Amino acid sequence: MRHTIRTFLTTGALALAALSAVALPGRAGAADGVEAIKKRGTLIVGVKADYRPFGFRDPSGTIIGLEPDLAADLAKRLGVKLELVPVVSANRIEFLQQGKVDLLIATLSDKPERRRVVQAIDPQYYSDFVNVLLPKSSGITDWAQLKGKPLCATSGAWYNKDVARTYGAEIIAFDGSEKPLFALKQGNCIGYVYDQSMLQGKLLDDDWKANYALPLKGILDAPWMMAVAQGNTTLQTMVEDATKDWMKTGFIVDEEKKWGIEPTAYSKAMHEKYKNATN
């Protein structure tokens, strides 16, 4: 089946991509371990800044959300300050590989091709479905109804090709998430395909809740992984131990509730698995 994906990048995004190819002095080294981070006094974490409620800017411009909270907990455990670096799907792995961040907590779906280029943190801290934000007036109630229709998406999302191939939608990809949302409001596409939890977060806004919904069943359930640079074994071990503690205490379930998300089956199951663990 023929499928189409078109990608739109703004001038600013192209400039950012060019900048990302240049290493910044005095920043995180790609394989800086725990001792180097403590000596530096700062943990540098790549997070989303356009992905409410997982990572977004408050009115003052500060990045807040569930994933920044996880990063803050890690910094506290290390006894260092936290620096958050905004990333998008198209540049987050490059930022890690180029040493601009120590760690990614950035809605990164766990895929074999990604594990080949970064060090994944196990167990995965989250899991989510793919869904489509649609106008309530669209009349669409089944994925098959997307065939031949323009569907806004985010560049770099792993499921874009799957949705185009399986359901015949014409994917129109933009950098970040705000631009496809704007395109949706302008009527340039029938809906916006993205991670279900982020779309649920968008519906916390009265403006979106009034006119948009998620009438389709979520598909392509995929765990999310945190990642450090390959070879960074000391930070890997530290983050993996913290993740297990989060599962044990129910910290992530509590974070979901804090940020207005219905706790996922994955988060609840992992809490059940680890809550009585002795190590």
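The values are calculated or read from the model by the stated rules, or taken from the named source; none is laboratory data. Predicted model, so just to flag it, every value in this text is computed and none were measured. For neighbour counting, all protein chains shown are included, and Cβ atoms are generated from backbone atoms with ideal geometry for every residue, glycine included. When the accessible area is computed, the model is the full protein with side chains, heavy atoms only, and any ligands, DNA or RNA have been set aside. Shrake-Rupley method; radii C 1.70, N 1.55, O 1.52, S 1.80 Å.
A compact table of results
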quantity: Test: residue in region 212-226 that is open to solvent by 30 Å² or more (accessible area, probe 1.4 Å) and assigned to a helix (DSSP H, G or I); calculated: no
quantity: Residues located in region 227-253, provided they are open to solvent by less than 30 Å² (accessible area, probe 1.4 Å) and of a type in the set (Val, Ile, Thr); calculated: 228, 239, 243, 252, 253
quantity: Qualifying residue in region 64-73 (condition: within 23 Å of residue 181 (Cα to Cα), free of Cβ contacts under 8 Å to residues at least 12 places away in the same chain and either under 14 Å from the mean Cα position of the chain (by Cα) or surrounded by fewer than 19 Cβ atoms within 10 Å (Cβ to Cβ) (or both)); calculated: yes
quantity: Selection count where residues are surrounded by fewer than 19 Cβ atoms within 10 Å (Cβ to Cβ) and of a type in the set (A, V, I, L, M), scope region 254-270; calculated: 2
quantity: Unmet requirement for residue 171, which otherwise passes all of (1) open to solvent by 40 Å² or more (accessible area, probe 1.4 Å); (2) outside any loop (DSSP other than H, G, I, E, B); (3) of a type outside the set (Gly, Ala, Ser); (4) in contact with a Pro (Cβ under 9 Å, 6 or more places away or on another chain); calculated: (1)
quantity: Residue ID - nearest to the chain's Cα centre (by Cα), chosen from residues in region 106-143 that are over 23 Å from residue 94 (Cβ atoms) and of a type in the set (Ser, Thr, Tyr); calculated: 127
quantity: Selection from region 111-142 of residues that are part of a loop (DSSP other than H, G, I, E, B) and open to solvent by less than 30 Å² (accessible area, probe 1.4 Å); calculated: 118, 121, 123, 125, 140
quantity: Filtered residue count, region 144-160, keeping only those that are among the basic types (Lys, Arg) and either within 26 Å of the chain's Cα centre (by Cα) or part of a helix (DSSP H, G or I) (or both); calculated: 1
quantity: Boolean, residue 163 is part of a helix (DSSP H, G or I) and modelled with pLDDT of 95 or more; calculated: yes
quantity: Tabulated pairs, region 166-179, first within 21 Å of residue 219 (Cα to Cα), second aromatic (Phe, Trp, Tyr) and in a helix (DSSP H, G or I), C-beta under 8 angstrom, 6+ apart or interchain; calculated: 166/143; 167/143
quantity: Leading residue by the ranking (farthest from the chain's Cα centre (by Cα)) among those in region 89-105 that are farther than 21 Å from residue 198 by Cβ and open to solvent by 40 Å² or more (accessible area, probe 1.4 Å); calculated: 98
quantity: Matching residues, region 186-202, being surrounded by 16 or more Cβ atoms within 10 Å (Cβ to Cβ) and not polar (S, T, N, Q); calculated: 189, 190, 191, 192, 193, 194, 195, 198, 199, 201, 202
quantity: Residue match in region 56-79 (condition: touching a Phe, Trp or Tyr at 6+ places or on another chain (Cβ under 8 Å), among the hydrophobic types (A, V, I, L, M, F, W, C) and assigned to a helix (DSSP H, G or I)); calculated: yes
quantity: Any hit, region 146-164, residues being open to solvent by 40 Å² or more (accessible area, probe 1.4 Å), touching a Pro at 6+ places or on another chain (Cβ under 6 Å) and in contact (Cβ under 8 Å) with a residue 60 or more places away in the chain; calculated: no
quantity: Among (1) part of a loop (DSSP other than H, G, I, E, B); (2) in contact (Cβ under 8 Å) with a residue 40 or more places away in the chain, the one test that residue 277 misses; calculated: (2)
